[in-house]
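Let me begin by presenting the structure, written as structure tokens, before commenting on it.
Read-outs throughout are calculated quantities, based only on the coordinates presented, and are distinct from any laboratory measurement. Remember, it's a predicted structure, so these values are computed and weren't measured experimentally. Using ideal geometry, Cβ is built from the backbone for each residue, glycine included, and neighbour counts are taken over all protein chains shown.
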Amino acid sequence: MSHPAGRGEPGTSSNVHSESTSESTSDSHSRSGSSDEPLDSRQPSPPAQEALAAEDLQDESDTHDGQVTGPGRRRSRWDIRRLVVDTRPLSIPAYRRLWTSTIVTSVGSQLTAVAVPKQIYDITGSSAYVGLAGLVALVPLVVFALWGGAIADAVDRRKLLLVTNTGIAVTSLLFWAQAFAGAHSVWVLFGLLGLQQACAGVNQPARSASIPRLVPARLLPAANALGSTVFQIGSIIGPLLAGVLIPILGLSTLYLIDSVALTVTIWAVWRLPALPPLAGAPRRAGLRHVIEGFGYLATRKVLLVSFLADVIAMVFGMPRALFPQMAQQTFGDPPGGGFALGILFAAIPAGAVLGGLFSGAFSRIRRHGVAVVGAVCAWGLAIVGFGLSPWLWLAAFFLAVAGMADLVSMVFRGTIMQSAATDEMRGRMQGVFTVVVAGGPRLADLLHGTAGAAVGTSLAVSGGGALVLVAMLAAVVAFPIFWRYRAQDS
């Protein structure tokens, strides 16, 4: 499953802005990491080597009730530490700085995500212009995500992240300047929005493709769970904070806070090691290289089905377009909106956060294909339950379960893409992923809105959930290699 592309994790997510061991270790690594000296492609990167050493040390020393619980030893079945989020990737200074910056910028990006449509509506008084802003944001995001993925495979990803994050920060400053100056031009807003989403489209594939160069393969599920959880928390806190700050500080200040938050990301990226393309990677990023990415995807059935799983879950099973109607007609909200509408929109990310906090077992799961299929089917079942729910509390419960399933699917699909794709193709695969993330929910809005008007909300939602189950099982039958896929298969 996925969420509208943003400046956080893929599936994270989306507005895209996107992290001490001992102080001496962190500082020495940081000084060497900021140079342009390329990593040796024949060995794990220094950050990954540090993680492997830290993990081995933890395996040797980990005890529970006086009993050694390293590899091959028994551990208490009810050890809660095996369930809570796995924080081992944070022992890698480079990843830790990048992750820490995401905490700040995931909230900041949501401030801008609220401020832009609010300002457009204040200027025009028309929801049609607000809807048009979605199209203005989508087109450059899709185009530049595909091209940006090819760029990420051809250049040093650290340098590319510096350029794109700086571009996003500059556009946030320009958003602030036009609001502070009282420009009152919707076309200026559209232009800045398109520019920022173009930068974001290049940024997100480069960022996601960089993670496997920083984190060892066996910790990728944990790293993806950490990133996705932070993004989901930001998607909850950011809009709430924006609603509080607008009447106190004014709308323009939200843009300024976002631009300041982005300096944390720029600092974190500056401290990364050089991430040049490995041997065999293209040295240019033209249309031919974008097309090569699609050709590569067509020959890798595991990757293809990982994308298909997200399309199935989102297009058939994301009923957010019907939330306003259901909140009013089914759950008793007043015509102007109310408590039920907020609960419906908050339930999925809240469930995802809960799933992330108890993601400790993810690193021990090897059958990644089974995990994705199970999560997508759980999403479909939860959406069926939501569609049939007559009470708000039950509807919120099913949406929260769907959010937990979404988190599981997001983590393992991301891990499959990062591990099953070769490094010289990771950027382009992440570019396609960004397109799927951005486009899937918007197609779902059209499909569910039309179906809801034709057959009613309950049947449209529950029928969509049932279609998720049927389509996902059909995909497994058509491509059994995905069901059999294990982590070591890459």
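Descriptive notes on the structure:
- Residues Ser208, Ser235, Ser359, arranged from fewest to most other Cβ atoms within 10 angstrom of their Cβ, appear as Ser359, Ser235, Ser208.
- Whole-number percent relative contact order across region 89-489, with pairs defined as alpha carbons under 8 Å at least 6 apart: 26 percent
- Residues Cys199, Cys377, sorted so that the one with the fewest Cβ neighbours within 10 Å comes first: Cys377, Cys199
- Order of Thr229, Thr112, Thr450 under a 10 Å beta carbon neighbour criterion, fewest first: Thr450, Thr229, Thr112
- For region 386-468, the spread of Cα positions along the three principal axes, ordered from largest to smallest, is 49, 25, 17 Å.
- Cα-based Kirkwood hydrodynamic radius, region 89-489, one decimal, Å: 21.7 Å
- Cleavage-rule hits, chymotrypsin sites (Phe, Trp or Tyr not before Pro), region 373-403, DSSP coil, Cβ neighbours within 10 Å at most 12: Trp391
- For region 170-187, 3J(HN,Hα) per residue [Karplus equation, 6.51 cos²θ - 1.76 cosθ + 1.60, θ = phi - 60°, Hz, x = Gly/Pro]: 5, 5, 5, 5, 5, 4, 5, 4, 5, 6, 5, 7, x, 4, 6, 10, 5, 6
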